[in-house]
Amino acid sequence: MTITEKILAHHSHQEKVTPGEFIEASVDLVLANDVTGPLAIQEFEKIGATKVFNPAKIVLVPDHFTPCKDIRSAELVKKLRDFSRRYQVRFFEIGQVGIEHALLPELGLVQPGQLVIGADSHTCTYGALGAFATGVGSTDVAAAMITGRIWLRVPATFKFTYHGQRQRWVGGKDLILYTISRIGVDGARYQTMEFTGPVIDSLPIDDRFTMANMAIEAGAKNGIIAPDEITLTYLKSVITAFKMEPADLRSDLDSIYCQQIEIDVNQIEPQIAVPPLPSNSRSVRELTGTRIDQVVIGSCTNGRLSDLEKAAAVFLHGKVHPEVRTIIIPATQNVYYQAVKKGLIDTFLTAGCVISPPTCGPCLGGHMGVLAKGEVAVATTNRNFVGRMGHPESLVYLANPEVAAASAIKGRIAHPEEVVNP
Amino acid sequence: MMVKGKVWKLGNHVNTDDIIAARYLNTTDSQELATHCLETLRPELVQKMEPGDILVAGENFGCGSSREHAPIAIKAAGFSLVIAVSFARIFLRNAINIGLPVVETSEAKRIREGDLLEVDFEAGMIKNLTQNSQYFWSGYPPFLQELIKCGGLMKWVRKKYIKSE
Ligand code: SF4
């Protein structure tokens, strides 16, 4: 069995599971946010439920429109807050909250081998830690809050093996953008994307989060990386006295894969995904003339500490172009605090960036940097759909933090080496 | 169950931002969501459609976010069903969970805007009254049939878990 099949078999109390099979599995963690949570609560209440299966396994994270952008958002967040008080489930107030997919791992709430569902499509992020994690809908969350269970169809696994050496400026974002461009936005629909190979073996945990995060952009049910020393080191840093168990969390050698591809990483340059699809990825060099109005560095894809470190390293070489607005969004309160302590915020402010509190904000066109008609942004986020960051005629290019920072300085799409070693 | 309605045809990879833009996610009111259904893609559509009409799309319908607001908006707008060559997985489960019928068939490619369809769920048959043709699809696996028969996930949960407490 593959790692995904092992986790699903364990959670449905079966010896084995086969792709295509429907199972009812127990869940270790149920997540909802300020957009999807209120609908889940509505469904929960509608059928007269009066208790949750286990308050410790439910988390409500108001991150999309917070600090609340308008009265209606405030009402939605209040619904989560009231529910959390009534049922003693975890809720994160402003001051503790962060973007859900950065926050939960940082708090040690996700571990290898677990089954996590979240009413948010990027829940697949936690696959970076060797968990089975998948995005579901609000009604699924309502049902799981009551039963502790979820219906699932066992996905077939698509294996990606990365060989070679990453070039300078190439991180997890470039690997995943390149991968999606190879297979398309539905290239792994209904499937598991299992990321393996020597490049993944040495890939830092934050880059792994970025890769698993964007599995959904290829239509996958989950993305997963088998836990190893890098995972263990990370988990020890967030969970006191963490021990890796169960130990058997690798795909068997005789696992059956529906598809496999080998990717030669030597050839991959920093990528940029042209609107309106994350699969429209090209080498940054092909687009370096494109004029821009805004840069956003943040989100559940690239708003972690190492992302901010990479961006700051570029901003040491130049200031934000006078015709560009640059918004930095640390993904969580802790990332923000670390960024202050490490002097990154200093660098950003000196360079002329503005710092937003942790929020999804402009990533989904919510607030804190919405685009006007005809405006163009480079963002470290994960979706460049039509109107994703604002007006239907605005454009979003997806890139890694260094490319975003270099573009902010140049006022056009730029390769980091244009700024750092001109 | 039988459904009859006129077709509104969409392309491939219609995403959840196309179906309901994020700026409307600060409400859970289904009627209000319905008024913005597919607004970016086909601004005139919700005004012109009639209750019972059918959405037909290409590949990967409903890709993108997990927002259940998308199938809710479609259902509340009055569409009786969505037929597509394929669905993105979260959209598919959301639709089934909330009781919006969905049919996955490659025959969707042959259906044109304005066609009048008659869909028989038990028989797994789509009659295209305009083109005078018929398409069959394999139907749902037993587990999903049970969910659909119950009227969606919450009714299934109530039957299976809450009543038995
Ligand atoms: S940062 Fe963007 S993609 Fe991530 S959870 Fe928030 S809105 Fe979704």
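Checking understanding here: applying a Kyte-Doolittle mean of at least -1.0 and a length along the axis of at least 15 Å (C-alpha), which whole DSSP H helices in chain B pass? Flagged H segments: there are none. Under a model in which nothing but the beta-carbon of Lys, Arg (+1) and Asp, Glu (-1) is charged, the protein assembly as shown shows a dipole of about 840 debye around its Cα centre. With n ≥ 4 as the cut-off for DSSP H runs, can you work out [θ] at 222 nm for chain A, using -39500 (n - 2.57) per run divided by the number of residues, rounded to the nearest 500? Helix contribution divided over all residues of chain A: -9000 deg cm²/dmol.
In this structure, the residue pairs whose Cα-Cα separation is over 25 Å, taken from A:221/B:4; A:79/A:341; A:6/A:57; A:79/A:236; B:75/B:127, are A:221/B:4; A:79/A:341; A:79/A:236. Classify the range A:51-172 from the C-alpha gyration tensor, please: rounded if a/c falls under 1.5, else prolate or oblate depending on whether a/b exceeds b/c. Because a/c hits 1.5 or more and a/b fails to exceed b/c, the range A:51-172 counts as oblate. This ranking places A:161, A:231 by how few other beta-carbon atoms lie within 10 Å of each, fewest first, which gives A:161, A:231. Summarising the label geometry, the points placed 7 Å from Cα in the beta-carbon direction at residue A:75 and residue B:48 lie 3.3 nm from one another. Here each label is just a point 7 Å from Cα along the line to Cβ, and for residue A:241 and residue B:145 those points are 5.3 nm apart. Once divided by 2.2 N^0.38 Å, the Cα radius of gyration of the range B:119-160 becomes 1.53.
Extents of chain B, largest first, come to 52, 40, 24 Å (Cα atoms, principal axes, whole angstrom).
Pick from B:143, B:79, B:91 the residue whose mean-square fluctuation is largest in a GNM of chain B, springs joining Cα atoms under 10 Å. The residue with the greatest mean-square fluctuation here is B:143.
Stretching residue A:337 away from residue A:85 to a fully extended chain increases their span by 88.0 nm, per 0.36 nm per residue minus the current alpha-carbon distance. Cross-link reach is defined here as a Cα-Cα straight distance under 13 Å, omitting same-chain residues fewer than 8 places apart; for residue A:173 the aspartates and glutamates meeting it are A:206, A:207, A:217, A:269, A:307, A:402.
Taking a ≥ b ≥ c as the square roots of the eigenvalues of the alpha-carbon gyration tensor, the range B:1-78 is classed oblate because a/c is 1.5 or more while a/b is no larger than b/c. Within the range A:392-414, what residues put their amide N at less than 17 Å from the label point 7 Å along the Cα-to-Cβ vector of residue B:23? Under 17 Å, as judged by backbone N against the label point of residue B:23, lie A:392-396 of the range A:392-414. Within the same chain, aspartates and glutamates fewer than 8 places from residue A:46 are excluded, and of the rest, those with a Cα less than 18 Å from its Cα are A:82, A:140, B:29, B:68, B:165. Peptide A:117-128 has a mean of 2 when you count, residue by residue, the C-beta atoms of other protein chains within 10 Å of its C-beta. Counting only Cα atoms, the size of the range A:273-415 along its three principal axes is 38, 28, 25 Å, in decreasing order. May I ask you to derive the relative contact order of chain A, considering only C-alpha pairs under 8 Å and at least 6 residues apart, and to give it as an integer percent? Across chain A, relative contact order equals 17 percent. Springs between Cα atoms under 10 Å define the GNM used for chain A, and in it the highest mean-square fluctuation of A:124, A:68, A:363 occurs at A:68.
Taking only the alpha carbons of the range A:176-225, we obtain Rg and Dmax values of 10.2, 28 Å in that order. Both the radius of gyration and Dmax for chain A are 20.5, 65 Å, in that order, over alpha-carbon atoms. Here the range A:21-167 is assigned +1 on the Cβ of each Lys and Arg and -1 on the Cβ of each Asp and Glu. Its dipole about the Cα centre then comes out at about 120 debye. For the range A:1-42, GluC sites (Glu not before Pro) are listed when DSSP marks them as loop and at most 12 other Cβ atoms sit within 10 Å of their Cβ; the list is A:15. Distance between the pseudo-spin-label points of residue B:104 and residue A:46 (7 Å out from Cα toward the beta carbon): 2.4 nm.
A short reminder: the numbers here are calculations on the coordinates, not readings from a lab. Model, not experiment: these values are computed from the prediction. Note: ideal-geometry Cβ built from the backbone for every residue, glycine included; neighbour counts use all protein chains shown.
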